[in-house]
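A short worksheet on the structure shown next.
The values are calculated or read from the model by the stated rules, or taken from the named source; none is laboratory data. In this text the structure is predicted, and so the values were computed from the model without any measurement. Counting neighbours? That spans all protein chains shown, and the Cβs are built from the backbone with ideal geometry, glycine included. Ligands, DNA and RNA are stripped out before the accessible areas are found, and what is left, the full protein with its side chains, is counted by its heavy atoms. Shrake-Rupley method; radii C 1.70, N 1.55, O 1.52, S 1.80 Å.
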Amino acid sequence: MTIMKGKPMATKNIPKKWNDLGLFLRPIRTKGNYNQAIAILDNLIGRTDLTKDQKDFAESLSALVEVYEEEHEQIKWNNNPIKILRFLLESNNMSGSDLGRLLGSRSLGSLLLTEKRNLSKKHIKILSKHFSVNPGLFL
């Protein structure tokens, strides 16, 4: 994404027409461009006063950000299902007790998180459905 030779585009001055907006859409290749794109999206997402072209721009920029993140910002899990589970719990504001209740036994959450007990196939099925993730994450 080209942002005026290193200068971030002021979000209050975002053009209203696609012909003017499209000039800013280019592949994101650097962390700096990525941070600028995120800043622009943060200011666009949720606004109710955007034109159709500005909404299309935000959607297109989001797709470019997603491509960059897939290539550069991957989270390294080290194939540890409990680390993944902790991340999902934290992301969803859930505690060990919440996990236990979800799986049918309040104390089970603590046992799993302290790795005193392993995830069963039944647990994995419940967790993957609850968090809308691939069950393979927990294997």
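Extension gain, ASP98 to ASN43: 0.36 nm times the residue separation minus the Cα-Cα distance gives 16.4 nm.
Under a model in which nothing but the beta-carbon of Lys, Arg (+1) and Asp, Glu (-1) is charged, the stretch 90-131 shows a dipole of about 280 debye around its Cα centre. Could you check how much of the accessible area of the stretch 22-139 is carbon and sulfur, as a whole percent, using a 1.4 Å probe? Heavy-atom surface of the stretch 22-139 belonging to carbon and sulfur, 1.4 Å probe: 49 percent.
What does the charge dipole of the stretch 39-139 about its Cα centre add up to, to the nearest 20 debye, if the Cβ of each Lys and Arg holds +1 and the Cβ of each Asp and Glu holds -1?
1100
The Cα center of the stretch 75-119 and the Cα center of the stretch 57-73 differ in position by 29 Å. When GLU69, GLU90 are compared by accessible surface with a 1.4 Å probe, the order from highest to lowest is GLU90, GLU69.
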